[in-house]
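Participant: Please find one structure pasted underneath; my questions will follow.
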Amino acid sequence: MKTNKKAARLAGALYLLYLILTIVASKVLLASSSLNGDVATTATNIMASAGQFRLGIVVDLVAALFFFLAAWALYVLLKPTNGPLALLFLLLHLGGDAVWCLSSLNLFAALLSANGVDYLQVFAADQLQALTMLFLNLRDTGNWIAQLFYGAWLLPLGYLVFKSRILPRALGILLMIHCGVWLLTFAQKLLLPGADAITSVSYPLGFIAEFALTLWLLVMGAREPQPAAVEVD
């Protein structure tokens with residue numbers, strides 16, 4: 001029974017669903033929450049598309065669920081190579097998911113302040129708009145805090161891909177490089193928020209690394225482990 005191929009293709013399918021959903025959520029449904037606009041325009045856009053915005057939050061959370069399930073499938077696939085390291089990358093991933101989901105509460109808060117629900121009438125319109133932008137900034141910061149865990153999980157994952165011999169070693173090397181560059185991106189975003197030198201490299205590298213892993217898992221699957229050679233005296 002080709003258990004490795006099944007686990008690999010399940011991981012690839014879940015990873016692909018995560019990628020699709022997170023792009024739809026961030027680039028389409030939650031586009032009105034962009035921090036690039038002015039305060040009043042951003043609050044007005046959220047209020048005008050409240051239903052779409054709420055759907056975007058739900059899709060974003062479902063994407064987080066699929067991302068964790070993809071990590072779990074990779075854990076099942078790579079656990080025979082090194083159980084403790086596989087558990088480590090699963091726990092690191094879970095840490096990122098927890099921060100991501102908690103930061104989504106700020107999106108609900110931004111929606112409430114933009115709509116000016118009854119119990120917020122004590123605030124003036126410009127104050128509510130400022131609160132909306134504050135919540136959006138907190139959500140953005142929370143997402144970047146999650147990247148500390150999402151970056152760190154790539155190191156044990158890449159190492160296990162490299163050592164397992166059931167997936168291409170080049171994928172493991174690429175994931176480990178992605179880990180280092182992504183952690184630098186995390187540091188740049190929080191320490192030097194105006195800089196973008198590292199992101200110009202990390203974004204395309206991250207897309208290539210994660211899409212390559214997803215595509216290989218989904219299309220090629222994984223090789224079955226070779227039985228250990230028996231020594232004859």
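Participant: Of the residues GLY116, GLY151, GLY142, which is open to solvent by less than 40 Å² (accessible area, probe 1.4 Å), under 17 Å from the mean Cα position of the chain (by Cα), closer than 30 Å to ASP38 by Cβ and not β-branched (Val, Ile, Thr)?
Facilitator: Details: GLY116 fails: under 17 Å from the mean Cα position of the chain (by Cα); GLY151 fails: closer than 30 Å to ASP38 by Cβ.
Only one candidate qualifies: GLY142.
Participant: Working only within region 175-200, note down all residues that are among the small types (Gly, Ala, Ser), open to solvent by less than 60 Å² (accessible area, probe 1.4 Å) and not in a helix (DSSP H, G or I).
Facilitator: Within region 175-200, the subset among the small types (Gly, Ala, Ser) is 180, 187, 194-195, 197, 200.
Retained after the next criterion (residues that are open to solvent by less than 60 Å² (accessible area, probe 1.4 Å)): 180, 187, 195.
Answer for region 175-200, where residues must be among the small types (Gly, Ala, Ser), open to solvent by less than 60 Å² (accessible area, probe 1.4 Å) and not in a helix (DSSP H, G or I): just ALA195.
Participant: Would you tally the residues in region 157-174 being open to solvent by less than 50 Å² (accessible area, probe 1.4 Å) and in a helix (DSSP H, G or I)? Spell out the reasoning first.
Facilitator: The first filter runs over region 157-174 and keeps only residues open to solvent by less than 50 Å² (accessible area, probe 1.4 Å), leaving 157-158, 160-161, 164, 166-168, 171-172, 174.
The next check asks that each one be in a helix (DSSP H, G or I); those that pass are 157-158, 160-161, 164, 171-172, 174.
Residues that pass the stated criteria total 8.
Participant: Also: Got a number for residues in region 66-104 being open to solvent by 50 Å² or more (accessible area, probe 1.4 Å) and among the polar types (S, T, N, Q)?
Facilitator: Final tally of qualifying residues: 2.
Participant: All but one of (1) part of a helix (DSSP H, G or I); (2) surrounded by 13 or more Cβ atoms within 10 Å (Cβ to Cβ) hold for GLY37, so report the exception by its number.
Facilitator: All conditions are met except number (1).
Participant: Here is a check on your reading of the model: is TYR203 hydroxyl-bearing (Ser, Thr, Tyr), surrounded by 14 or more Cβ atoms within 10 Å (Cβ to Cβ) and modelled with pLDDT of 95 or more?
Facilitator: Numbers: hydroxyl-bearing (Ser, Thr, Tyr): yes; surrounded by 14 or more Cβ atoms within 10 Å (Cβ to Cβ): yes; modelled with pLDDT of 95 or more: no.
Judged against the criteria, TYR203 is not a match.
Participant: From ALA63, ALA109, ALA31, ALA25, which residue is open to solvent by less than 70 Å² (accessible area, probe 1.4 Å) and in contact (Cβ under 8 Å) with a residue 40 or more places away in the chain? Before the answer, list the steps.
Facilitator: Details: ALA109 fails: in contact (Cβ under 8 Å) with a residue 40 or more places away in the chain; ALA31 fails: in contact (Cβ under 8 Å) with a residue 40 or more places away in the chain; ALA25 fails: in contact (Cβ under 8 Å) with a residue 40 or more places away in the chain.
One residue alone meets the criteria, ALA63.
Participant: Within region 8-34, take every residue that is in a helix (DSSP H, G or I) and at pLDDT below 90 and give me the one that is farthest from PHE135 (Cα to Cα). Explain how you work it out, then say what you get.
Facilitator: Going through region 8-34, the residues in a helix (DSSP H, G or I) turn out to be 8-29, 31-33.
Right, trim to at pLDDT below 90 and you get 31-33.
Numbers: ALA31: 15, SER32: 14, SER33: 10 Å.
The selected residue is ALA31.
Participant: Here are the criteria: (1) more than 19 Å from TYR150 (Cβ to Cβ); (2) at pLDDT 95 or above. Tell me which single one PHE68 does not satisfy.
Facilitator: (1)
Participant: Next question, about the same structure. Scan region 126-138 residue by residue and report those that are open to solvent by less than 70 Å² (accessible area, probe 1.4 Å) and either without any contact (Cβ under 8 Å) to a residue 60 or more places away in the chain or among the hydrophobic types (A, V, I, L, M, F, W, C) (or both).
Facilitator: LEU128, ALA130, LEU131, MET133, PHE135, LEU136
Participant: A follow-up question, please. Report, by residue number, each residue of region 132-151 that is in contact with a helix residue (DSSP H, G or I) (Cβ under 8 Å, 6 or more places away or on another chain) and over 15 Å from TRP100 (Cα atoms).
Facilitator: THR132, MET133
The values are calculated or read from the model by the stated rules, or taken from the named source; none is laboratory data. Predicted model, so just to flag it, every value in this text is computed and none were measured. Glycine gets a Cβ as well: all are built from the backbone with ideal geometry, and neighbour counts include every protein chain shown. Only protein heavy atoms, including side chains, enter the accessible area calculation; ligands, DNA and RNA are left aside. Shrake-Rupley method; radii C 1.70, N 1.55, O 1.52, S 1.80 Å.
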